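To keep things clear, I will list the structure first and then write my remarks on it.
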Amino acid sequence: MNPLFNLEELDRKTAVDTIGLTGKNILSVDQFDTELISKIFDRAREMRAMVNTVGGVDLLKGRVLAALFYEPSTRTSSSFIAAMERLGGSVIPITQGVKFSSVSKGETLADTVRTLEQYADAIVLRHPQVGAANLAGDYAHIPVLNAGDGAGEHPTQALLDLFTIREELGTLNGLKVAMIGDLKNGRTVHSLTKLLLHYNVSLRFVSPEILRMPLKIMNKVIDAGVNIRETHDVADVIENADVLYVTRVQKERFGDLAQYEEVKDHYVITSELIERAKEKMIIMHPLPRVGEIHYAVDNDPRAAYFRQVKNGMYIRMALLAAVLGEA
Ligand code: ASP
């Protein structure tokens with residue numbers, strides 16, 4: 001029988017770990033500093049060039065990612081799948097609601113993770129509970145990537161958001177970043193705020209009183225000495241913002257739906273409103289939007305949210321290659 005592979009040749013293949021994330025979990029933005037961020041961005045740019053020229057490579061051939069989503073997702077799940085496939089790997093997609101898996105029979109997260117690691121080389125997890133990714137990371141012997149843990153964090157989104165700002169505006173320093181909407185429950189703004197503290201930025205938080213940024217994050221902002229102002233009114237920030245980061249009111253995090261109804265349409269970005277914004281600025285949104293940005297705004301070159309979506313794939317390609325020892 002012919003051998004399936006040549007062991008000597010495999011032995012010669014030395015592991016590359018220039019980014020330093022091989023075998024690591026991606027659980028929180030707290031684990032990133034500017035040096036690491038810049039290495040990930042360089043790799044994401046290489047991924048972009050590769051996709052634009054050849055579409056895909058075999059870097060992760062034979063590797064398997066388990067995509068375990070206990071909450072709905074369009075962009076995060078499909079970009080992780082696309083990222084894996086463009087790098088030659090494959091995916092076990094448990095993304096259509098864990099209702100079709102043994103989770104619906106009452107299997108715990110710990111057992112699900114310990115099962116999936118028998119088949120896969122990495123796990124990407126979205127879960128409604130804060131800290132779920134950390135728990136999965138404690139049990140798994142393979143890298144766990146946090147794709148959103150309740151109202152906690154969304155580190156890969158924050159990296160793609162930061163990358164978008166850098167690529168669109170050419171810098172991460174000297175910028176005024178305004179975040180609007182549900183700053184209390186929005187995990188993307190929690191993670192992005194923490195990442196931005198590494199740079200010389202001014203922050204503007206715009207929200208209704210009941211959706212203000214949590215104290216824990218506010219304290220980090222204050223400790224970092226970053227220039228910060230909170231307001232309820234988008235008119236206070238529209239003229240000076242370099243980045244307008246709009247978010248959805250997170251209906252699923254409200255215990256009292258009447259309260260959601262009260263605040264859900266608080267901010268709507270219209271073409272008239274952005275007439276007052278800078279000529280060189282960007283409007284971002286992690287999506288999905290449910291009315292916070294009028295469709296007419298999409299035609300404005302400053303509307304960066306679909307370009308932001310695409311950056312998600314490059315960043316996740318860079319991260320997957322890194323944790324799987326190919327970066
Ligand atoms: N897609 C983002 C998230 O999963 C934002 C949102 O759902 O509003 O956090």
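So how many residues does region 284-327 have that are in a strand (DSSP E or B), within 23 Å of ARG45 (Cβ to Cβ) and modelled with pLDDT of 95 or more?
2
Please verify whether THR76 is crowded, with 16+ Cβ neighbours inside 10 Å, away from the ligand (no atom under 16 Å from the Cβ) and assigned to a helix (DSSP H, G or I), treating the condition exactly as stated.
no
Please enumerate the residues belonging to region 189-206 that are surrounded by 24 or more Cβ atoms within 10 Å (Cβ to Cβ) and touching a residue at least 40 places away in the same chain (Cβ under 8 Å).
Hits for region 189-206 are VAL189, SER191, LEU192, VAL206.
Any residue that is among the β-branched types (Val, Ile, Thr), within 27 Å of ARG302 (Cα to Cα) and assigned to a helix (DSSP H, G or I) - is there at least one of those in region 151-163?
Yes, region 151-163 contains a residue that is among the β-branched types (Val, Ile, Thr), within 27 Å of ARG302 (Cα to Cα) and assigned to a helix (DSSP H, G or I).
Taking region 260-283 only, how many residues are within 16 Å of the ligand (Cβ to nearest atom), in contact with a Leu (Cβ under 9 Å, 6 or more places away or on another chain) and either among the acidic types (Asp, Glu) or part of a helix (DSSP H, G or I) (or both)?
The number of residues fulfilling the criteria is 1.
For region 79-111, what are the residues that are hydrophobic (A, V, I, L, M, F, W, C) and either closer than 23 Å to LYS61 by Cβ or surrounded by 14 or more Cβ atoms within 10 Å (Cβ to Cβ) (or both)?
Matches in region 79-111: PHE80, ILE81, ALA82, ALA83, MET84, LEU87, VAL91, ILE92, ILE94, VAL98, VAL103, LEU109.
State which residue is nearest to GLY56 (Cα to Cα) when the search covers only region 275-324 and only residues that are in contact with an Asp or Glu (Cβ under 9 Å, 6 or more places away or on another chain) and surrounded by fewer than 15 Cβ atoms within 10 Å (Cβ to Cβ).
ARG307
Among all residue pairs at least 6 apart or on different chains, which show Cβ distances below 7 Å where the first residue, located in region 302-325, is touching a residue at least 60 places away in the same chain (Cβ under 8 Å) and closer than 17 Å to SER77 by Cβ and the second is crowded, with 22+ Cβ neighbours inside 10 Å and of a type in the set (S, T, N, Q)?
GLN308/THR164; ASN311/THR164; GLY312/SER79; MET313/SER79; ILE315/THR156; ARG316/SER79; ARG316/THR156; LEU319/THR156
Checking VAL64 against (1) more than 16 Å from the ligand (Cβ to nearest atom); (2) under 21 Å from GLY312 (Cα atoms); (3) in contact with a Leu (Cβ under 9 Å, 6 or more places away or on another chain): exactly one of these is not met. Which one?
For VAL64, the exception is condition (3).
Under 7 Å by Cβ, and 6 or more places apart or on different chains, what pairs join a residue from region 265-294 that is closer than 27 Å to THR156 by Cβ with one that is in a loop (DSSP other than H, G, I, E, B) and away from the ligand (no atom under 16 Å from the Cβ)?
Note: pairs meeting the criteria are ILE269/HIS294; MET281/ALA241; MET281/ASP242; MET281/ARG302; ILE282/ARG302; ILE283/ARG302.
Within region 207-259, which residues are without any contact (Cβ under 8 Å) to a residue 40 or more places away in the chain, in a helix (DSSP H, G or I), within 16 Å of the ligand (Cβ to nearest atom) and surrounded by fewer than 17 Cβ atoms within 10 Å (Cβ to Cβ)?
Listed by number, the list holds a single entry, LYS251.
Based on what the data block shows, is LEU59 within 23 Å of GLU153 (Cα to Cα), more than 21 Å from the chain's Cα centre (by Cα) and crowded, with 17+ Cβ neighbours inside 10 Å?
It is false that LEU59 is within 23 Å of GLU153 (Cα to Cα), more than 21 Å from the chain's Cα centre (by Cα) and crowded, with 17+ Cβ neighbours inside 10 Å.
Of VAL113, VAL144, VAL124, which residue is touching a Phe, Trp or Tyr at 6+ places or on another chain (Cβ under 6 Å), touching a residue at least 24 places away in the same chain (Cβ under 8 Å) and under 30 Å from HIS198 (Cα atoms)?
VAL124
Touching a strand residue (DSSP E or B) at 6+ places or on another chain (Cβ under 9 Å), without any contact (Cβ under 8 Å) to a residue 40 or more places away in the chain, part of a loop (DSSP other than H, G, I, E, B) and not acidic (Asp, Glu): which single residue out of GLY62, GLY55, GLY88 fits that description?
Going through GLY62, GLY55, GLY88 in turn, the sole match is GLY62.
Quick one: in region 168-188, of everything that is within 16 Å of the ligand (Cβ to nearest atom) and either of a type in the set (A, V, I, L, M, F, W, C) or over 19 Å from GLU153 (Cβ atoms) (or both), which residue is surrounded by the fewest Cβ atoms within 10 Å (Cβ to Cβ)?
If we take residues in region 168-188 being within 16 Å of the ligand (Cβ to nearest atom) and either of a type in the set (A, V, I, L, M, F, W, C) or over 19 Å from GLU153 (Cβ atoms) (or both), then LEU183 is surrounded by the fewest Cβ atoms within 10 Å (Cβ to Cβ).
Could you say whether any residue in region 112-125 is surrounded by 14 or more Cβ atoms within 10 Å (Cβ to Cβ) and within 16 Å of the ligand (Cβ to nearest atom)?
Looking for residues that are surrounded by 14 or more Cβ atoms within 10 Å (Cβ to Cβ) and within 16 Å of the ligand (Cβ to nearest atom), one finds at least one in region 112-125, hence yes.
The values are calculated or read from the model by the stated rules, or taken from the named source; none is laboratory data. Worth saying up front: this structure is predicted, and the values here are computed from it rather than measured. All Cβ positions, even for glycine, are placed from backbone atoms using ideal geometry, and neighbour counts span all protein chains on display.
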